[in-house]
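Okay, so here's the structure we're looking at.
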Amino acid sequence: MLLVSWFALCAAGLELAYMAGLKLQQHVVFASLQILWMTPLAYLILFAPLSVLVLVLQRVVPSTRLLRLSIVMSVAMVSFSFLSLFWGKLGAVGTLLLTAGITVQAARYLLAHQAGLARLARRTLPWMVGIGILAGVGLNAWGWLQERSGLRPLARRDTPNVILLVLDTVRAMSMSLYGYPRQTTPALTRFAATGVVFEEAYSTAPWTLPSIATMFTGRYPQEHGADWTTPLSKRDPTLAEHFRDAGYATAGFVANLNYSSAETGLGRGFRHFEDYTTSLSDILLSASPGRFILNNPALRRAIGFYDTFGRKSADRLNAAFLSWLGGHAQRPFFAYLNYYDAHQPYLPPKPFDTRFGPDTLRNMALIRHVRTRDAHRINKEAMSAPERTAEQQAYDGAIAYLDSRLEQLIAELDRRDLTRNTIIIIAGDHGELFGEHGLFDHGNSLYLPLLRVPLIFRAPSLAGGARITTPVTLRDLPRTVLELAGLDDRTMPGESFAALARGASVSATGSPLLAHITPAKNIPSSDPVFKGPMWTIISPPHQFILGGDGAVELYDFVTDPAQSVNLATDPGGRPVLDRLRAVLDSLRRK
């Protein structure tokens, strides 16, 4: 049993070494520092059945033979555990063949040095366990101390609280607040009657990390540099850092663990930041064989579970925030909540799963788990029309669920008498495609369903019920929030649209409505961004798109909401195309 535990911790060490190398190479590895103790614990749990087997066999198998058997089985498990890291590249046959080959060679050597191996295990196992315990205690103690270190003096005593609620993957065109025929957001419609709705708010990127990085820094994606495997640079101060430096208590609560975690740089400035959790499933997912087991399609079909393990619902996120708030409401606070409920694979809880139609047409077995905490439905392009409808109904149900939980959160804030002096901002980071231009999901193009997002403000200084038709960009969001809070700092890039929110007649639209995307790794060749980085400039009623291969698109989205007619080849559209291209070229050169 001792020897098996030693091999388990050796396997954990191999995986942690691999993760460290990956971190040096691509910077974002979708894991927290807690894996320093979670991964060893996961391997001890996963190797436990082998330890039990050894305990049972020791009663009937001679000790010398049992030692040899333990070594062979342990080496096989270590080999398979490490090679399963590369399952996607090696495939089942390649992984099993290499496991067999490594097991034979390594076991042959170790069996020839059994006595030395046993001594090494006895001497080093206590140190290995101690290092794991020290990592766990040290990391959590450091986080506790960081949160409780001295708060800075308040810059002003009358500053309001600020809550930023980001709705991941929620597009404006699927919200009844914005005219969608299905009643997906009745609660937000009621909330908007006490706030200000921006009819045309545009994201700066069609996926999470660069979009939220812009909301935090006021920088366009090409300026802040946050990308698929590149975290947000420490060069630009974040919104949370501005509030922290003004004496605010700052806290972030994140459900999107792929591209909103502290690892991406979005946790800077938050004294309290909750992203990854430490549940049993999270511990097992920190080890390669644990991921292999939990994301196995056969297992998921058997237990009927197709969501990502450990996914935080809006209920969990709200509960975490309210729990934290109970100990921090005595000082102005800035809180950021990132909701993930509308992200694929679109699995709203009952009764929202059938709110807009039955889900019987959704083949859950087609949901594939491509990363630790990422899942999507495969073969969307091959879906029938009814299947597409069912997919969108599930998405709409997820928005309706989120809408109901936002209402509960705001009601609880009202009950605590916190909203009288609180600015609440509700914003989408990007939208989603459901067959428009033959595309699905997001992060693949720059069409308007991906860029037009909800944006609602409620603040003590704002009159309720206003709907602003002047277009705005999320690039100007942080500057606006700081001005409304009375903390306007001109070092924050962008232009404030606080005057618009207050009802002033302002002709200028603020910063240009610019968006940008670069290709991710291993994207389908059918995605427009596969050809290279894409850019767009929006100047209502027109949108100009520049593809990575130099192809241009121009749409009048007022007369052509589906963006089905490319005016770039129309001689009548030439003046608009030339003007917008010149604007885009000037912005790209900055």
Between Ala262, Ala246, Ala205, which is under 30 Å from Phe352 (Cα atoms) and of a type outside the set (Phe, Trp, Tyr)? Ala205
Conditions: (1) surrounded by 15 or more Cβ atoms within 10 Å (Cβ to Cβ); (2) among the small types (Gly, Ala, Ser); (3) farther than 27 Å from Arg458 by Cβ. Ala201 meets all but one. Number of the miss? (3)
So, in the stretch 352-384, of the ones that are out of contact with any helix residue (DSSP H, G or I) (no Cβ under 7 Å at 6 or more places or on another chain) and in a strand (DSSP E or B), which residue ends up modelled with the lowest pLDDT? Arg371
Can you name the residue in the stretch 342-374 that is under 30 Å from Ile283 (Cβ atoms) and hydroxyl-bearing (Ser, Thr, Tyr) and, of all such residues, is surrounded by the fewest Cβ atoms within 10 Å (Cβ to Cβ)? Thr372
Quick check: anything in the stretch 105-120 in contact with a strand residue (DSSP E or B) (Cβ under 9 Å, 6 or more places away or on another chain), assigned by TED's automatic domain parsing to the domain that holds Ala17 and surrounded by 13 or more Cβ atoms within 10 Å (Cβ to Cβ)? no
In this structure, is Ala427 surrounded by fewer than 23 Cβ atoms within 10 Å (Cβ to Cβ), hydrophobic (A, V, I, L, M, F, W, C) and under 19 Å from the mean Cα position of the chain (by Cα)? yes
Regarding Thr473, is this residue in contact with a Phe, Trp or Tyr (Cβ under 7 Å, 6 or more places away or on another chain), among the hydroxyl-bearing types (Ser, Thr, Tyr) and modelled with pLDDT of 95 or more? yes
Could you look through the stretch 199-222, keep only residues that are touching a helix residue (DSSP H, G or I) at 6+ places or on another chain (Cβ under 8 Å) and of a type in the set (D, E, K, R), and pick out the one that is farthest from Thr264 (Cα to Cα)? Glu199
Scan of the stretch 303-325 for residues that are surrounded by 12 or more Cβ atoms within 10 Å (Cβ to Cβ), without any contact (Cβ under 8 Å) to a residue 60 or more places away in the chain and over 30 Å from Thr250 (Cβ atoms), ordered by number: Phe305
Which residue, of Pro210, Pro126, Pro160, Pro206, is over 25 Å from the mean Cα position of the chain (by Cα) and not assigned by TED's automatic domain parsing to the domain that holds Trp6? Pro160
Which residues, counting only those in the stretch 384-424, are within 23 Å of the chain's Cα centre (by Cα) and hydroxyl-bearing (Ser, Thr, Tyr)? Tyr395, Tyr401, Ser404
Can you confirm whether the stretch 179-189 contains a residue that is within 30 Å of Leu22 (Cα to Cα) and not in a helix (DSSP H, G or I)? no
Can you find even one residue in the stretch 475-484 that is assigned to a loop (DSSP other than H, G, I, E, B), surrounded by 13 or more Cβ atoms within 10 Å (Cβ to Cβ) and in the same structural domain as Pro237 (by TED's automatic domain parsing)? no
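Return the residues of the stretch 326-351 that are in contact with a strand residue (DSSP E or B) (Cβ under 7 Å, 6 or more places away or on another chain) and either free of Cβ contacts under 8 Å to residues at least 60 places away in the same chain or not in a loop (DSSP other than H, G, I, E, B) (or both); say none if nothing qualifies. Don't jump to the end; show me each part of the working.
Taking the stretch 326-351 first, the residues in contact with a strand residue (DSSP E or B) (Cβ under 7 Å, 6 or more places away or on another chain) are 328, 331-339, 342, 344-345.
Across the stretch 326-351, the qualifying residues are Phe333, Phe334, Ala335, Tyr336, Leu337, Asn338, Tyr339, Pro345.
The values are calculated or read from the model by the stated rules, or taken from the named source; none is laboratory data. Small disclaimer: the values here were computed from a predicted structure and weren't measured. Note: ideal-geometry Cβ built from the backbone for every residue, glycine included; neighbour counts use all protein chains shown.
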